[in-house]
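Beneath this line is the structure, given in structure tokens, with notes to follow.
The values are calculated or read from the model by the stated rules, or taken from the named source; none is laboratory data. All values reported here derive from a predicted model rather than from experimental measurement. Methodologically, a virtual Cβ is constructed for each residue, glycine included, from the backbone with ideal geometry; neighbour enumeration extends over all protein chains shown. Side chains are part of the model used for accessible areas, which takes the heavy atoms of the whole protein and leaves out ligands, DNA and RNA. Shrake-Rupley method; radii C 1.70, N 1.55, O 1.52, S 1.80 Å.
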Amino acid sequence: MTAYVFLALAAVLLTYAVIVYNGLVVLKHGVSKAWSNIDVLLKQRHDELPKLVEVCKQHMQFEAVTLERIIAARAGAKTAMDKGDVKGVGAAEGMLRAGLGGVMATVEAYPELRANQSLQGLLGRITALENAIADRREFYNECVNVNNVRIEQLPDVVIARLAGFKAAELLEFDEGEIRDVDVRSLFNDFSAQRLERLP
Amino acid sequence: MITREFADDFAREWIAAWNSHDLDRILSHYAEDFEMSSPYIAQIAGEASGSLKGKAAIGAYWKLALARMPDLRFQLVSTLVGAQSVTLYYRGARGMAAEVFFFEAGGHHVVKAAAHYA
């Protein structure tokens with residue numbers, strides 16, 4: 001009789017462990033999926049940046065340092081993305097956003113550059129991508145929070161540690177790099193087709 | 001079969017849950033692995049299908065929604081009853097909306113929901 005009780009108890013515990021494990025797997029894949037959805041947009045935006053630099057280069061007055069900063073940040077972000085280094089992507093993206101903010105601020109000072117149709121089109125596309133990245137980053141970070149809280153909570157923490165589930169990293173843009181530039185307002189000034197931001 | 005009484009109770013409680021901004025209360029209406037589709041899921045979460053599955057993912061999405069709309073308030077206009085589904089027509093944060101809820105067989109939890117906006 002005692003053996004049956006132990007067997008029944010073991011079966012219940014095993015079933016519970018499987019349910020918890022499967023739940024953690026779903027969360028982990030949710031984080032990966034949310035990251036992939038950001039990654040796609042970051043790559044699209046990175047593809048637009050060389051075109052932006054080319055258009056700006058044609059104007060002799062344009063600050064070379066600002067453009068170099070964008071190119072360097074783009075390269076840094078690409079390297080970090082290829083390595084799957086979330087913190088590295090965040091730091092490089094902070095620099096990139098600051099660089100883009102610098103370009104937009106400079107464009108404001110040059111009416112002939114601002115009137116350039118190619119540049120307007122590029123900035124419009126980059127701004128739309130920027131807003132979409134901001135949305136997806138928020139969603140990704142929320143998925144990371146849910147995942148990280150779950151793997152620290154009892155009883156999930158037991159299964160998480162046994163199965164080697166690890167905390168995911170938040171994607172945080174380096175605010176230090178963008179503190180001098182109100183990037184959001186600059187982007188939004190250029191946003192002719194700004195995505196509506198309500199769910 | 002869904003009864004009128006059940007649909008009215010569900011509608012009242014669902015609207016009240018959203019208006020309370022209490023995520024746990026909102027999620028309590030749904031099955032653990034329910035599926036939600038909305039055009040805003042494609043925009044915000046980047047899911048091309050416009051669908052998310054499971055309380056964790058959809059809870060994360062709704063948490064963002066609630067944070068962005070602190071004044072969110074739904075106002076029920078009408079409740080339409082189907083065989084295994086209920087449609088709520090309501091005034092939401094961005095105008096009129098209709099949401100279709102499919103329920104688990106013999107149960108009271110939503111297994112699939114689809115939001116539509118004007």
Within the stretch B:65-88, of all residues that are among the hydrophobic types (A, V, I, L, M, F, W, C), closer than 17 Å to B:A113 by Cβ and not in a loop (DSSP other than H, G, I, E, B), the one farthest from the other protein chains (Cβ to nearest Cβ) is B:V81
Please list, ordered by first then second residue, the pairs with beta carbon atoms under 8 Å, 6 or more apart or interchain, first in the stretch B:1-21 and touching a residue at least 12 places away in the same chain (Cβ under 8 Å), second among the β-branched types (V, I, T) and open to solvent by 50 Å² or more (accessible area, probe 1.4 Å).
B:I2/B:V81; B:T3/B:V81; B:R4/B:V81; B:A7/B:V81
Tally up the residues in the stretch B:50-61 that are in contact (Cβ under 8 Å) with a residue 12 or more places away in the chain and farther than 17 Å from B:V111 by Cβ, please.
2
Within the stretch B:63-79, tally of residues that are closer than 13 Å to B:F10 by Cα and in contact (Cβ under 8 Å) with a residue 60 or more places away in the chain:
2
Which is under 30 Å from A:V40 (Cα atoms) and assigned to a helix (DSSP H, G or I), of B:I15, B:I26, B:I41?
B:I41
Reported set for the stretch A:157-199 where residues are at pLDDT 60 or above, open to solvent by less than 50 Å² (accessible area, probe 1.4 Å) and closer than 19 Å to B:K63 by Cβ is A:A168, A:L171
Anything in the stretch A:17-60 that is touching a residue at least 60 places away in the same chain (Cβ under 8 Å) and more than 26 Å from A:R136 (Cβ to Cβ)? List them, or say none.
A:A17, A:V20, A:Y21, A:V55, A:C56
Considering each residue of the stretch A:101-139, count those that are open to solvent by less than 40 Å² (accessible area, probe 1.4 Å) and polar (S, T, N, Q), and give that number.
4
Tell me which residues, restricted to the stretch B:42-54, are surrounded by 21 or more Cβ atoms within 10 Å (Cβ to Cβ) and either more than 8 Å from every other protein chain (Cβ to nearest Cβ) or more than 21 Å from B:L72 (Cβ to Cβ) (or both).
B:G46, B:E47, B:L52
Quick one: is A:V20 within 23 Å of A:A128 (Cα to Cα) and either open to solvent by 10 Å² or more (accessible area, probe 1.4 Å) or part of a helix (DSSP H, G or I) (or both)?
no
Does the stretch B:4-19 contain any residue that is within 13 Å of chain A (Cβ to nearest Cβ) and closer than 30 Å to A:V20 by Cβ?
yes
I'm told A:C143 meets every condition in (1) modelled with pLDDT of 90 or more; (2) open to solvent by 30 Å² or more (accessible area, probe 1.4 Å) except one. Can you identify the failing condition by its number?
(2)
Those residues of the stretch A:38-53 which are at the interface with another protein chain (Cβ under 8 Å from one of its Cβ atoms) and over 9 Å from the mean Cα position of the chain (by Cα) amount to A:V40
